[in-house]
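The block underneath contains the structure these notes are about, expressed in structure tokens.
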Amino acid sequence: MTTLLAIGDMHLGRLPAAIPDGLGSRRQELGPEAAWSRSVAEAIEREVDAVLLAGDVVERHRDFFVAYGQLKAGVEQLAEAGIEVIAVAGNHDTHVLPRLASEISSLHLLGAGGHWQQHPVGDLTVIGWSFPQSRVSFSPLDSFPRLDPKKVLVGLLHCDRDQTDSPYAPVSSADLAEASVNAWLLGHIHQPDDLSAARPIGYLGSVNALRASETGARGPWLVEIEDGKVMMTHLPLAPLRFETLSVDCAEIEDSDALSGAILSATRERIVEWQQGDYLPDALGLRVELVGQCAISEHLPQAAESLLSQSQPWTEYGVSCFLQRIDTRTIPRLDLNRLARQSDPCGLLARHLLTLDEPDSERWQELVDMARPDMEAVAAGREFRELNRSLSDQDIATELARAGRLALSQLIAQRERSR
Ligand SMILES: [Mn+2]
């Protein structure tokens, strides 16, 4: 068996964003350098054959010395353990990575100057391509060699998938699928893909959360290759993690109860993670208050004051902090009574009742009607890195939320005009 540790966008030199003042002194130990040291330790512990870096290893050109020190220490430890390090350059480190590779002897740059290059590791071959300049508006796959590989071939590439006009090496999913590799390990987009398929193709994601919007598990991937089969496992060892936490406010009758509800939801989440092998050192919470709530209209203000007064706290050794709180609760409404009215409120109430029946034809009609508008929003530039497609259920949930808000506002308007 040949094993690899594959690392996505690392951005050495960047400090993690959205750390509260209370944890400011620990910023360094929550950043990319810490994620890199942990990955190095993991690679040595697991005795992998090689460590693969999918580009954007370094944040900027002027981070040469920072990256030199940090990368060199890790690469040398790996070399001592007999583990090779193979990297491709991305759009952030087009110039600095080749310079680092020429200074650090056991760091191999693959595909320099935009020429596909192969490198043997154990029973397999890694093939990669590096950015020749920081903007590349053509697909590197146009020049992918015609191969008839006898051994397992693993592709390593920094690229922008399915973004035709991108200046960062645009490639299409179809071209990726067509290339004669057993797996594509990609860099650039910070949201990791599901790589559990028999032929994994996708983004490794950032190795540590660099922004608060990078929610969910982050870390390197263990790649195990045996009998021609590729198996990938995400190792969420990032020191900093941001997480979306939905808190159901159905039982909350008083704004003082909000902090307790958030605390217990946080605890529950960490207990879940304790079943696995890794806990982050720090956890930034993006709380979403959801559900039907009796004091829905008071929650935004309660949330704002809670957020402004909050301090980091520790739960099972994890430093937790509130990064934001969004109120998405809906007022409690008696839909069955309202649905009998022959006015706009009645119509809206009937639609909302339909949205509770996902198996009905009318439910599908409502979802289909809303899809074009919602897809246009989801495709917007600001959401692109989320790499998210909308399911019918996503649309129905959003329609129900918007509908309930509109309905409660209609009722409030009518009561005011009485
Ligand atoms: Mn990039």
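The values are calculated or read from the model by the stated rules, or taken from the named source; none is laboratory data. Since we're looking at a predicted model, the values are computed, not measured. Don't worry about glycine lacking a Cβ; one is built from the backbone with ideal geometry, like all the others, and counts go over all protein chains shown.
What residue, among those in the range 51-77 that are surrounded by fewer than 24 Cβ atoms within 10 Å (Cβ to Cβ) and not in a helix (DSSP H, G or I), is farthest from the ligand (Cβ to nearest atom)?
So, considering only residues that are surrounded by fewer than 24 Cβ atoms within 10 Å (Cβ to Cβ) and not in a helix (DSSP H, G or I), the one farthest from the ligand (Cβ to nearest atom) is 60.
Condition first: assigned to a strand (DSSP E or B), touching a helix residue (DSSP H, G or I) at 6+ places or on another chain (Cβ under 7 Å) and buried (at least 17 other Cβ atoms within 10 Å of the Cβ). Can you find one or more residues in the range 268-284 that meet it?
yes
Could you list, in sequence order, all residues of the range 1-36 that are within 16 Å of the ligand (Cβ to nearest atom) and more than 27 Å from residue 310 (Cβ to Cβ)?
6, 7, 8, 9, 10, 11, 12, 13
Which condition does residue 347 not pass, out of (1) free of Cβ contacts under 8 Å to residues at least 40 places away in the same chain; (2) within 30 Å of residue 362 (Cα to Cα); (3) in a strand (DSSP E or B), if it passes all the others?
(3)
It is to be established whether one or more residues within the range 20-27 are crowded, with 22+ Cβ neighbours inside 10 Å, under 26 Å from the mean Cα position of the chain (by Cα) and not aliphatic (A, V, I, L, M).
no
Within the range 185-208, does at least one residue satisfy the condition of being farther than 25 Å from residue 129 by Cβ, touching a His at 6+ places or on another chain (Cβ under 8 Å) and not acidic (Asp, Glu)?
Scanning the range 185-208, I find no residue that is farther than 25 Å from residue 129 by Cβ, touching a His at 6+ places or on another chain (Cβ under 8 Å) and not acidic (Asp, Glu), so the answer is no.
Determine which single condition residue 177 fails, assuming it passes every other condition in (1) within 16 Å of the ligand (Cβ to nearest atom); (2) among the small types (Gly, Ala, Ser); (3) more than 14 Å from residue 232 (Cα to Cα).
(1)
Of these, 120, 220, 132, 167, which one is more than 16 Å from the ligand (Cβ to nearest atom) and surrounded by fewer than 20 Cβ atoms within 10 Å (Cβ to Cβ)?
After applying the criteria, what remains is 120.
Just the residues that are away from the ligand (no atom under 16 Å from the Cβ), closer than 19 Å to residue 8 by Cα and surrounded by fewer than 20 Cβ atoms within 10 Å (Cβ to Cβ), please, taken from the range 145-164.
Once the filter is applied, which keeps residues that are away from the ligand (no atom under 16 Å from the Cβ), closer than 19 Å to residue 8 by Cα and surrounded by fewer than 20 Cβ atoms within 10 Å (Cβ to Cβ), the range 145-164 yields only 153.
Determine, yes or no, whether residue 139 is in the same structural domain as residue 266 (by TED's automatic domain parsing), of a type outside the set (Val, Ile, Thr), over 16 Å from residue 11 (Cβ atoms) and in contact with a strand residue (DSSP E or B) (Cβ under 6 Å, 6 or more places away or on another chain).
Judged against the criteria, residue 139 is not a match.
Could you list all residues from the range 352-407 that are closer than 30 Å to residue 9 by Cβ and either more than 26 Å from the chain's Cα centre (by Cα) or in a loop (DSSP other than H, G, I, E, B) (or both)?
Listed by number, the residues that qualify are 379, 380, 387, 388, 389, 390, 391.
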